[in-house]
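Novice: Below is the structure I would like to discuss, written out as structure tokens.
Laboratory data are not the source of any read-out in this text; all were calculated from the coordinates shown. Quick caveat: nothing in here was measured; it's all calculated off a predicted structure. Glycine also receives a Cβ, built like all others from the backbone with ideal geometry; neighbour counts cover every protein chain displayed.
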Amino acid sequence: MSSYTEDDMEHLCYPIGRFAAKENRKADERNQDILKIGRLPAGLSEAVGPLTLEQLSTPYRPGGWSVAQVVHHLADTNMFAYLRFKRGLTEDAPQIPTYRQDLWAEQSDYLEEPVESSLRLLEYLNPRFMNLLSSLSDADFDRIFVSAGLGTMSLDTALQRYIWHNSHHIAQITSLIKRSGW
């Protein structure tokens, strides 16, 4: 058993805090989030690029995923985000299924595939996602989808959630790097 307190574990799991959506956002706030989608690939590459295979195999916290698993998870969730937005824009309140990310993280593409493939995927996907998001009107961001795990969500809230999610996982990685003195 680890010597971490419950508060320590909470901070290791949620180094930037838990997600909280902002209501009545303005276009310039959304535009800042859209730019963050574009910066993710470079920021993630910068964080993990210097790491060795051993460091990439290190869990970001006791009982947590390895750095490599987090990188692959970010590629998958950004693909899902893009597809969820496309459905939210082209269908009326589509039902968005959930997936067993804990089981996905145990598959060979998370455990054996070099992180470069997921970094490359994000490098190509996120500019396309940015292009889509940049073309949306305020009314488009009011459109909704229904997530099996999170309930009814506007595209504006979904954008905030994806930005938080990306930042949350990068903070887990950078926190481990800092704690480990890498």
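Novice: Mind checking the full-extension length gain between Trp104 and Ala21? Use 0.36 nm per residue of separation minus the Cα-Cα distance, one decimal, nm.
Specialist: 27.2 nm
Novice: Same structure again: Using label points projected 7 Å from each Cα along Cα→Cβ, tell me how many nm separate Ala139 and Cys13, to one decimal.
Specialist: Label at Ala139, label at Cys13, 4.2 nm between them.
Novice: Rounded, prolate or oblate: which fits segment 1-99, taking a ≥ b ≥ c as square roots of the Cα gyration tensor eigenvalues, rounded meaning a/c under 1.5, else prolate when a/b beats b/c?
Specialist: prolate
Novice: For a quick check of your reading of the filter: which GluC sites (Glu not before Pro) in segment 1-91 sit in a DSSP loop and have no more than 16 other Cβ atoms within 10 Å?
Specialist: Of the GluC sites (Glu not before Pro), the ones in loops of segment 1-91 whose Cβ has at most 16 other Cβ atoms within 10 Å are Glu23, Glu91.
Novice: Exactly which trypsin sites (Lys or Arg not before Pro) in segment 1-105 are in a DSSP loop and have at most 13 other Cβ atoms within 10 Å?
Specialist: Arg18, Lys22, Lys26, Arg100
Novice: Taking H placed 1.01 Å from N in the peptide plane, check which residues at least 5 places from Trp65 or on another chain put their amide H under 5 Å from its amide H.
Specialist: Those lying under 5 Å, H to H, from Trp65 are Tyr60.
Novice: Further question: Which of the helices in the chain, when you take each full DSSP H run, stretch at least 20 Å along the axis at their Cα atoms and have an average Kyte-Doolittle score of -1.0 or higher?
Specialist: 27-48, 67-90, 115-134, 155-180
Novice: Mind listing which chymotrypsin sites (Phe, Trp or Tyr not before Pro) in segment 66-99 are in a DSSP loop and have 13 or fewer other Cβ atoms within 10 Å?
Specialist: Tyr99
Novice: Moving to a separate point now. Between Ser147, Ser45, Ser66, find the one with the highest GNM mean-square fluctuation for the chain; connect C-alpha pairs within less than 10 Å.
Specialist: Ser147
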